[in-house]
Amino acid sequence: MHLTKMKTSSIPLVLAALATGCATAPKGALVVNDPSDLPSVQAVHSHRLSQLKTGMSLEEFRRLMPEAYVWGQNDATTAYEIEESLQFVTHDDIDRQNLTWGVGSPRARSKKEVPWFYFFKEQLVKWGRPQDWPDKPDVILETRVR
């Protein structure tokens, strides 16, 4: 009688273990509840970005951001950018993988952010993400008298 109880009480445990699955996140991918939970490029590079100052030289910038590359150039204006790409899966992705296959890893998604850094005559004048500036900026006319 004792042996029969043991067999029947272990069946739900085995079924529960099989139902939970063994799916895992892909190597190097972050696991988040929602893609909006991913850190921004500002958060990832906050220490270095906090050191940027308008007017700093291109040489100082290159020491601080050696991975930046030239994105475009027009006369004395040069735009640099760095590309930050984060690989991630959500908890729902892992649950879906468990329900479908029971093992393995769901395909990682990626979130890409590309901050721009504008230099005029090798001095930093502006930086930020492309969506930080309006598509059609206001036209400002000013007269300077010296």
Is there any pair with a first residue in the stretch 70-93 that is without any contact (Cβ under 8 Å) to a residue 12 or more places away in the chain and under 20 Å from PRO115 (Cα atoms) and a second that is hydroxyl-bearing (Ser, Thr, Tyr) and assigned to a strand (DSSP E or B) whose Cβ atoms are under 8 Å apart and which are 6 or more apart or on different chains, and what are they? VAL70/THR78; VAL70/TYR80; GLY72/THR78
Listed residues SER110, SER105, SER85; which is in a loop (DSSP other than H, G, I, E, B), at pLDDT 80 or above and polar (S, T, N, Q)? SER105
Just to be sure, is THR77 over 30 Å from ASP37 (Cβ atoms) and of a type in the set (Val, Ile, Thr)? yes
Do you know which residues across the stretch 75-125 are of a type in the set (Phe, Trp, Tyr), within 19 Å of the chain's Cα centre (by Cα) and over 20 Å from GLN51 (Cβ atoms)? PHE88
Would you pick out the residues in the stretch 65-94 that are of a type in the set (A, V, I, L, M, F, W, C) and either surrounded by 15 or more Cβ atoms within 10 Å (Cβ to Cβ) or in contact with a Leu (Cβ under 6 Å, 6 or more places away or on another chain) (or both)? MET65, ALA68, TRP71, ALA79, ILE82, LEU86, PHE88, VAL89, ILE94
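The values are calculated or read from the model by the stated rules, or taken from the named source; none is laboratory data. Small disclaimer: the values here were computed from a predicted structure and weren't measured. Because the Cβ atoms are built from the backbone with ideal geometry, glycine has one as well, and the counts that use them run over all protein chains shown.
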